[in-house]
Each structure stands twice: as structure tokens, then as C-alpha cells.
1. Can you give me the ranges of the helices (runs of 4 or more DSSP H) entirely in the stretch 385-461 with at least 1 residues that are aromatic (Phe, Trp, Tyr) and in contact (Cβ under 8 Å) with a residue 60 or more places away in the chain?
2. Working only within the stretch 328-358, note down all residues that are surrounded by 13 or more Cβ atoms within 10 Å (Cβ to Cβ), part of a helix (DSSP H, G or I) and either among the hydrophobic types (A, V, I, L, M, F, W, C) or in contact with a strand residue (DSSP E or B) (Cβ under 8 Å, 6 or more places away or on another chain) (or both).
3. Looking at this structure, is LEU206 in contact with a Phe, Trp or Tyr (Cβ under 7 Å, 6 or more places away or on another chain), at negative phi, modelled with pLDDT of 65 or more and buried (at least 16 other Cβ atoms within 10 Å of the Cβ)?
4. Could you give every pair whose Cβ atoms fall below 7 Å, whose first residue belongs to the stretch 80-100 and is within 18 Å of GLN115 (Cα to Cα), and whose second residue is among the polar types (S, T, N, Q) and in a loop (DSSP other than H, G, I, E, B), counting only separations of at least 6 or pairs across chains?
5. Pairs only if they're at least six apart or on different chains, beta carbon under 8 angstrom, first in the stretch 101-116 and in the same structural domain as PRO33 (by TED's automatic domain parsing), second part of a loop (DSSP other than H, G, I, E, B) and among the polar types (S, T, N, Q); list them, first residue then second.
6. Whether any residue in the stretch 374-382 is closer than 22 Å to TYR225 by Cβ and of a type in the set (S, T, N, Q) is what I want to check.
7. Tell me which residues, restricted to the stretch 359-379, are closer than 24 Å to ASP306 by Cα and either β-branched (Val, Ile, Thr) or not in a loop (DSSP other than H, G, I, E, B) (or both).
8. Would a scan of the stretch 313-323 turn up a residue that is buried (at least 20 other Cβ atoms within 10 Å of the Cβ), under 15 Å from the mean Cα position of the chain (by Cα) and within 19 Å of ASN243 (Cα to Cα)?
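The values are calculated or read from the model by the stated rules, or taken from the named source; none is laboratory data. Just so it is clear, the model here is predicted, and its values are computed rather than measured. A quick note on method: Cβ atoms are made from the backbone with ideal geometry, for glycine too, and the neighbour counts reach across all protein chains shown.
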Amino acid sequence: MASKPYEFGNRPVSGSDIEHDVAKDTRTLVVGPYLTRRRPNTPGTNLRPAQARLEEATGLAAAIDLDVVESRLVPLSELKPATYIGTGKIEELAALIEEREIRLVIADCALSPVQQRNLETALKVKVIDRTGLILEIFGRRARTKEGTLQVELAHLNYQKSRLVRSWTHLERQRGGFGFLGGPGETQIEADRRLIQERMTRIERDLEAVKRTRGLHRKSREKVPYPVVALVGYTNAGKSTLFNRITEADVLAENMLFATLDPTARISKLPHGAPIILSDTVGFISDLPTMLVAAFRATLEDVIAADVILHVRDVSHGDTEAQAADVTSILKDLGIDPDDQSRIIEVWNKADLLDEADRARLFQITQQRRKEIRPVLVSALTGEGLAVLLNEIEARLAQDTKTYRILIPSDDGALLHWLYENAEILERQDGDDGIIETAIRIPPERETRLLLKCPKAERVEI
């Protein structure tokens, strides 16, 4: 049910309008409060250069149309328990905020509820941290019922502990679940109770959606097509590659988190074998744990996939760090990132490389062993796509058997069955009316093949 419109400025708007208008009209400062001394072997330590981290945070803010008027590094020798940032830095930021008429500060770190409230009191503006910003973006991008419910549950779980007290004029009957507003001071306890009740309802609704997804998955299993899942850092070009392979029209933009809800399409490999290709939400460094948990159901296609394509933007200066973040999240999902039989690295955006870099990266791929060799491609131009599809086919064929079969030309039923259930590697139509084929078939269909074709001959190709 849509939220009841209420006054914002001189016009009535809905809760979703509020979120867009607040973001669009908000002058924002992005702050990178990063420790100057980092321990490389400490779990969870972000080893990216500070400037690269700040630029990514600024890109995240731009993804929801915030008016970023300035971004600033804030080097820290230590973290302050009460405010995260030291008193001197806070005073500098407060002066900048007043001078530039800033209304929102995004801190590219994880703030505790107390730190967030103390910073808002000291800076006299709204403050959100990296988790809040990513949740805000996810809230804007979700389109399916499941995606919307999962994001809202993560939002509410985060919001319950930090019902902030800024911008109370934007609250009342919101109907949305963003963070750019905030509940009124006198409503805190009531809102906590309402949030918990809403979370309980969402969890119940999600169970129903998950059951539906389970039924869909079982129906797919009855048509035993292998699943190939795309994973990668956000904006690595997964959706563009998905569109190129499937000739679909999934949203593909040069924007962080352009894709949130999973999409699956049937496509065919070079020898005609059908696959289900699944596009997924992009990963990112310091992805909130609650979002990994919330989207675990959405990522079931990745967990169960026969082949995983790890798409990397090799034109990005931080590509190695991005790959490490994806690897870390795959581990969190229970996937072995070193499973060479299952994971193919796709080095995307070759079209953005100059000739020297392109030649250098191609040489690197050729020096790797075949079973771990990355594939250099451009999803935009199609360069390298044939090599990638052949590699997918080879990975899927690892457990298959190859047979040579002679088929009378009048046995159309057998020929049809083979085309539906096997890969036709070779076909020759003889003058004597005999069709000679070489086919590849998965183990689960081998017994049925031999019942239909007792004279089928095992061969190695």
C-alpha cells in the first residue's frame, strides 16, 4: 500500500519521492577517515590506497544522486571510541560544513550508533556511514519482491539500533525504509517496537518467497541444464557480458550497483548445449555482513552453479584488490575460490586498455596453466567471447562422456533426442542414408543413451 502523501516544500509527495528529492537536493561531504598504520595480516583490513577508497565512496554517493560538493581524506593515527574521529579533525570538518552549506556527511567507515549520534551532535548535520550508504543504494535498486524484502529487512535490522534524530521534518508517514530521514525524538521507543513487528512480518513473507524460489529451482532441475553464474566486483561489466551472451536487455550502466536483483536466461554454447546463465548483484569491499546474510538466498544460484565466471575490470587500477574482495565473499558463501574446475576468471574491459597493456595482459593469460588461464574479453565489443564460451563448454564437459553413433536417416526420433539431451560435436550425412555423429553427454543421461543406442562407441576427442 502506497504511503499517504504529505507536504514537502509546497507540494504533496509520497515517501519514495521524498527519498529521491532528499538525495538530489542534499549538499554532501564524503569523508575518508582511514588509519595511517594498517596491519596487512589482520582480518578485515582494507589495504587499498586511501585515495582509491575515497573515490569509491564518492562514486557510491553519486549512485543515489547526492550532490557531492567535496570529498576529503581524514588520516587517523587511532580511532576514538566516542566519535571515531579526533576533536581537532571534527572542528575542521565543522568549519568546512558551515562554509560550504553541507547538509549530509558520509563517513566511509563503520560507525557505532553512539559514534554516529555524537558526530551528528558535533557537526550539526546528518551523518551516515558506509553500511548505511550501501543499504540506501540497495533500497533504491531492488525491484523484485524478494529483493525488496531482503533489503528492507537489512535496513530495519540496521536502523533498529540507531534511530537517529536528525531531519525530523522528513519523517511522519514515510512508507519507505531509507536512512536519509530519521524518526522524531518522541517516537523512538514506539518506532523500535514497530520496526521489530515489521521485521517479523518481512521474515514471514520472505519464507513464502523462498519456498516459491525453491519450487522454481526444482522445476529447473527437471530440465537439467547446467548453471553458469556471473560474479564480480560492482561495475565490473557482468550485466554487459550477460547481455552479450544471452542477447538479453538487462540494465547495464557505468554505475555502482546497477544490477541488484538476480536475472537468469537460457543460452547456448558453441556445440548447441543449453545453459542457464545467472547475473547477480555486484560485490564490494567491506560489504555489510547483514547484506551478505540477507542476499544469501538470492545468491543460491552462485552457490549451486556448475561454473562460476569471476568477471574482473582489468582496466581499473585497483583490480587486484577488487578480486581479493570477491574471493573473500565467495569464501563467506562457502565456495572454494581455488576450485579450478569450477571458476573461470574473465578479464573484462579489454577495449579500455591501450595496445601495450592489452598485449601484456594477453601474454600473462597465455603463461598460466590451461586449467587456471584467465580469458581476456571485452563484453562491450565481443572480443574474446568465443574463447570464453569454448572454455565454459570445456569446464562443463569435464565429467561428460563422448560417443560415436550411427543413426539411420529415418530415425528422426533418436536424432531429436540426441539434440535435446546431448551436445552434437560432429555430424556427417552419408550418401548411404546413415548419419554419423559424435556426441557428448553428461553422466546422468549416459544409461538412457545406451538403452537407446546399444551400439554407441566410446571415443576420446
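1. Fully inside the stretch 385-461 and qualifying: 412-421.
2. ILE329, LEU330, ALA350, LEU352, ARG358
3. For LEU206, the condition - in contact with a Phe, Trp or Tyr (Cβ under 7 Å, 6 or more places away or on another chain), at negative phi, modelled with pLDDT of 65 or more and buried (at least 16 other Cβ atoms within 10 Å of the Cβ) - is not met.
4. ILE90/THR83
5. Cβ pairs passing all conditions: ARG103/THR26; LEU104/THR26; PRO113/SER161; GLN115/THR83.
6. no
7. The answer is THR365, LYS370, GLU371, ILE372, VAL375, LEU376, VAL377.
8. Yes, there is a match, as at least one residue in the stretch 313-323 is buried (at least 20 other Cβ atoms within 10 Å of the Cβ), under 15 Å from the mean Cα position of the chain (by Cα) and within 19 Å of ASN243 (Cα to Cα).
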